[in-house]
Ligand code: UDX
Ligand code: UDX
């Protein structure tokens, strides 16, 4: 039987739910899309008239919101109402790593997914297709299904005739290019059993995606494919970062090595940029999920293999802060370091698992005074991440003491005139505006000997030729 979808509800208005629903609404004008979230502040921001205040920064998102909001795209806290009117519900809530109990530090905490499934069970009417969008450990769809099917046991409505199908439809969008990735996906993956439910979801995507790119799998393959894709990508970043360290030690240049191997069509040229270590909400969490699953099924060697990708990444972040300390004569006490970029990559305001967090914490611990610039990340977020107030928010009488000991941070709103008396500049995010800094001017303001550490290869070394800045670049051993 052909199921026609007219009314969608998405639970979770986050980095995944918000942009995904915006693109579905934009490409399917005949479908009503309601995005619900328990967080009132977040929904208010999605509804703000000033599009600069949307809770998520993604290039192109504001244009779509302008076109669709209050036409066929709505943001609300009324979870119950929009679950009950939907014929398809996406679950797009967060699945953080468990902090305690079985699988602590590795397994995903499914409490929000479970809570969402219970809400769906309680309020859905008629036939509803439930689509899991959150990245989840394999076999989560089973949990969702069980909760939905158990509805009959606890429903107090005698004639409750609601029925469900569960599909897995993992999201592969990368932050910063989310809208582009959603509009031009490499593939759309739909895992499930019921042919009609799969067809209903396929028909939505067919409005803008070629059928050749829409893959159908069984539900477990779909869930595992998402974890595997992220694990492979993260592993590539750790691989190139490991070679970067070797380049620095041996006199090779990681950019040249990456280019050379990228020409091999079996390897390919993407995802070979050495950097300060991978971040973002998915990579570490998904690998740790794979590690947990492998351990659970007694595959210790498989678990160890994937775990090493994460432990290497952490080592690599510490390596960068250690080498900065070493170059600055082994002590950072009272030294001014300007940090350029805090987001886990450019074109996003997201800082989750950003390498900048660990590196900045280490530098502060060594006594440095950090002046952090990021075009999209505010001081409240940095403060939460570093678990430390910015210097300008510290009590007056405390300030002098802290200034003497070092080990503090503040933000700067622009890179203009930011480098006065700085001992070092550290690039941690590849924002393109850092390419245009006037290095001759920066050099004239800095304390000597001055250093520029570029962990993202954004600075063109030829632009430093007439300055007296010492330059360190990730994976660059050419100068040894
Ligand atoms: C999340 C997961 O982290 C990721 O693994 C998955 O692939 C997609 O969903 P993201 O959208 O980046 O990613 O998370 P986040 O920005 O934290 O958004 C989740 C939203 O769900 C939050 O706004 C939260 O308030 C909301 N939520 C959570 C609910 O509305 N109800 C709940 O019960 C729990
Ligand atoms: C990732 C996946 O790409 C996406 O498909 C999935 O749905 C969610 O997780 P995201 O975390 O948004 O997306 O960012 P991504 O572009 O994959 O980058 C992850 C991290 O790796 C960033 O910290 C980035 O700076 C780093 N990276 C990426 C490198 O250091 N070098 C590279 O060559 C590529």
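Every number here is computed from the coordinates shown, using simple stated rules; none is lab data. These numbers were taken from a predicted model, which means no experiment stands behind them. Note: ideal-geometry Cβ built from the backbone for every residue, glycine included; neighbour counts use all protein chains shown.
Points worth noting:
- Binned Cα-Cα distance frequencies in the range 201-290 - 10 Å width, integer %: 15, 32, 30, 18, 5, 0
- Averaging the sequence gap over all C-alpha pairs within less than 8 Å and six or more residues apart, then dividing by the number of residues, gives the range 386-480 a relative contact order of 23 percent.
- Over the chain - Rg/Rh using Cα atoms and the Kirkwood inverse-distance radius: 1.01
- Between residue 468 and residue 263, full extension at 0.36 nm per residue minus the direct alpha carbon distance yields a gain of 70.2 nm.
- The range 181-228: projected area of the alpha-carbon convex hull, averaged over directions, in nm²: 3.3
- Cβ-derived FRET efficiency at R0 51 Å, residue 301 paired with residue 184, nearest 0.05: 0.85
- Between the Cα long axis of helix 195-205 and the first principal axis of the chain there is an angle of about 50°, rounded to the nearest 10.
- Note on residue 396 and residue 256: the extension gain reaches 45.3 nm, defined as 0.36 nm multiplied by sequence separation minus the Cα-Cα distance.
- Centre-to-centre separation between the Cα atoms of the range 366-399 and those of the range 318-359: 13 Å.
- Annotation: the residues 297, 123, 283, sorted from fewest to most other C-beta atoms within 10 Å of their own C-beta, follow the order 297, 123, 283.
- Averaging the Cα positions of each part gives two centres, and for the range 8-79 and the range 166-198 these lie 18 Å apart.
- Antiparallel content of DSSP bridges confined to the chain, in %, to 5: 5
- Ranking of 316, 180 by count of other Cβ atoms within 10 Å, fewest first: 180, 316
- The chain: angle of helix 17-27 to the longest principal axis, Cα-based, in degrees nearest 10: 60
- The orientation-averaged projection of the convex hull spanning the C-alpha atoms of the range 280-354 amounts to 6.6 square nanometres.
- Sorting 259, 270, 206 by the number of Cβ atoms found within 10 Å of their own Cβ, with the fewest placed first, yields 270, 259, 206.
- The range 112-127 and the range 405-480 have Cα centres lying 52 Å from one another.
- Dividing the mean sequence gap of close Cα pairs (under 8 Å, 6+ apart) by how many residues the chain holds gives a relative contact order of 12 percent.
- Computed FRET value (nearest 0.05) for residue 378 with residue 1, which takes r as the C-beta separation and R₀ as 41 Å: 0.25
- Per-residue ellipticity at 222 nm from helix content only, as computed over the chain with -39500 (n - 2.57) for each DSSP H run of at least four residues, stands at -12500 deg cm²/dmol.
- Taking 7 Å steps out from each Cα toward its Cβ at residue 322 and residue 39 produces label points 3.6 nm apart.
- Cα-based helix-to-principal-axis angle, 111-123 vs the chain, degrees rounded to 10: 30
- Once the chain from residue 150 to residue 387 is taken as fully extended at 0.36 nm per residue, the excess over their C-alpha distance is 81.1 nm.
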